[in-house]
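To start, the structure under review is shown below, and the notes come after it.
The values are calculated or read from the model by the stated rules, or taken from the named source; none is laboratory data. Computed from a predicted structure; not experimentally measured. Every residue, glycine as well, gets a Cβ built from its backbone with ideal geometry; the counts of neighbours run over all protein chains shown.
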Amino acid sequence: MRETTTQPLPVSEKLDWLRLIRSENIGPITFFKLLDHFGSAAAALQAVPEMAKNGGRAGKIRVAPRAEAEREMEECGRIGVRIVARGEPEYPPLLRHIEDAPPLIFVLGHIHLLAKAAVAIVGARNSSVVGKRFARDLAAGLGEGGLLVASGMARGIDAAAHEGALATGTAAVLGGGVDVIYPRENEALYESISERGVAVSEVSCGTKPQARHFPRRNRIISGISRGVVVVEANPRSGSLITARLALEQGREVFAVPGSPLDPRAKGANKLIRDGATMAEGAEDVLRVLNEQNRPLKERKTAEFSGVPAARPDGEEVKSARREIMESLGPVPVTVDELLRSCQFSPAVASVVLLELELAGRLERHPGNQVSLIP
């Protein structure tokens, strides 16, 4: 992919980006592969129906109508929500380098806070009084140390972390639209964050949170942060998903130790056994982050527009479809392994995989793995 540049995206092109990411079967990874292949979102929008048909889709794929995207942009403007594209100056600097970075984020509040170095604090919803007090004090200490504190505005540890960092800066990454308060008990906190902090989401304004949104929200929480601190988490907690994502993204993982008699401490204690840095106060986190002498690994990202990648020969793509289909199955394999097996060029394989994904027949997995959907 071509290197990204930090420049504003023209409104007309941002509208095309919005249409493309709102179209059927297109997620962040597919979005940028299409952008890289075709050079612009407008060109990709024109090509998507034919690609889905080539991938074996029986019916017509839904491409988001222009009027629908225009209404979404107008609604955001009406309520003061900024739409920021990856590559624009206001986009969080670390987030743009994760594998599945959101093409667009929706921001409400003090957008300049997203330029600060950040650390995430996450933990149990059914947290103890002591756990919430610790999270609040930890967030205050990290904020005083110059960090933006990020969390997911859930009840319990998340809410306490936001409260502790209100004076210095906090970012709430939401599972619904940035204009939707969830849970309702955090209404006062939401108003405070809107006035003094910043709220971020990748879903449309007005969208109510759904269970499937939260794992994707978690990768944004870790993605904008240099490290993630887990406070009170049972072994099945979503906070451990955030910690795993942080490791995959090359972030530091910290865990606050707790009593072995408290089920809420089991997740954090296991993280420490597995190698996470034990955090007994803000100084433990600040010391590690300040001592880092290596930059986080940055992924190359696509430019807003430019010369599209060289198109592979149509006959070559046609002959590759059957062999690649036969080589895939329900068990994920890496794209590199698929290339070695099929002996096709990366450009040819990329087109076939995009066609299958747009047809709803391919699923992408972490680690550049793909599988057929049964």
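Okay, here's what the table says:
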{"read-out": "Residue within the stretch 39-50 that is without any contact (Cβ under 8 Å) to a residue 24 or more places away in the chain, of a type in the set (D, E, K, R) and over 23 Å from ASN368 (Cα atoms) present", "value": "yes"}
{"read-out": "Residue satisfying condition, being over 21 Å from GLY176 (Cα atoms), touching a residue at least 24 places away in the same chain (Cβ under 8 Å) and among the basic types (Lys, Arg), within set ARG264, ARG244, ARG196", "value": "ARG264"}
{"read-out": "Candidates ARG226, ARG244, ARG217, filtered to the one that is at pLDDT 95 or above, of a type in the set (Lys, Arg) and over 14 Å from the mean Cα position of the chain (by Cα)", "value": "ARG226"}
{"read-out": "Test set (1) at pLDDT 95 or above; (2) within 23 Å of ARG212 (Cα to Cα); (3) among the basic types (Lys, Arg) - ARG236 fails condition number", "value": "(1)"}
{"read-out": "Subset of the stretch 8-35 that is among the β-branched types (Val, Ile, Thr) and buried (at least 17 other Cβ atoms within 10 Å of the Cβ) - its residue that is nearest to ALA347 (Cα to Cα)", "value": "THR30"}
{"read-out": "Matching entry among SER194, SER127 (being surrounded by fewer than 24 Cβ atoms within 10 Å (Cβ to Cβ) and not in a loop (DSSP other than H, G, I, E, B))", "value": "SER194"}
{"read-out": "Options ARG86, ARG57, ARG62, ARG96; residue that is basic (Lys, Arg), touching a residue at least 60 places away in the same chain (Cβ under 8 Å) and closer than 30 Å to LYS318 by Cα", "value": "ARG57"}
{"read-out": "Filtered residue count, the stretch 111-124, keeping only those that are touching a residue at least 60 places away in the same chain (Cβ under 8 Å), surrounded by fewer than 23 Cβ atoms within 10 Å (Cβ to Cβ) and of a type in the set (Gly, Ala, Ser)", "value": "1"}
{"read-out": "Top-ranked residue of the stretch 149-162 - restricted to ones that are hydrophobic (A, V, I, L, M, F, W, C) and touching a residue at least 40 places away in the same chain (Cβ under 8 Å), ranked as surrounded by the fewest Cβ atoms within 10 Å (Cβ to Cβ)", "value": "MET153"}
{"read-out": "Residue count for the stretch 64-103, restricted to those that are among the hydroxyl-bearing types (Ser, Thr, Tyr) and surrounded by fewer than 21 Cβ atoms within 10 Å (Cβ to Cβ)", "value": "0"}
{"read-out": "Per-region count, the stretch 46-76, residues touching a strand residue (DSSP E or B) at 6+ places or on another chain (Cβ under 9 Å) and either more than 25 Å from LEU362 (Cβ to Cβ) or outside any loop (DSSP other than H, G, I, E, B) (or both)", "value": "3"}
{"read-out": "Index of the failed condition, HIS97 passing every other in (1) in the same structural domain as PRO183 (by TED's automatic domain parsing); (2) within 15 Å of ARG219 (Cα to Cα)", "value": "(1)"}
{"read-out": "Per-region count, the stretch 333-373, residues buried (at least 18 other Cβ atoms within 10 Å of the Cβ) and closer than 18 Å to LYS318 by Cβ", "value": "16"}
{"read-out": "Criterion (in a helix (DSSP H, G or I) and under 21 Å from the mean Cα position of the chain (by Cα)) met by exactly one of ALA150, ALA154, ALA161", "value": "ALA161"}
{"read-out": "Single residue of the stretch 292-332 satisfying the filter (assigned to a helix (DSSP H, G or I) and either touching a Lys or Arg at 6+ places or on another chain (Cβ under 7 Å) or at pLDDT below 85 (or both)) that is surrounded by the fewest Cβ atoms within 10 Å (Cβ to Cβ)", "value": "GLU315"}
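So that you can scan it fast, the table gives a plain yes or no per residue for (1) free of Cβ contacts under 8 Å to residues at least 60 places away in the same chain; (2) in contact with a Ser or Thr (Cβ under 7 Å, 6 or more places away or on another chain); (3) not hydrophobic (A, V, I, L, M, F, W, C):
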| site | (1), (2), (3) |
| --- | --- |
| GLU315 | yes, no, yes |
| ALA320 | yes, no, no |
| MET325 | yes, no, no |
| VAL331 | yes, yes, no |
| THR334 | yes, no, yes |
| GLU337 | yes, no, yes |
| CYS342 | yes, yes, no |
| VAL348 | yes, no, no |
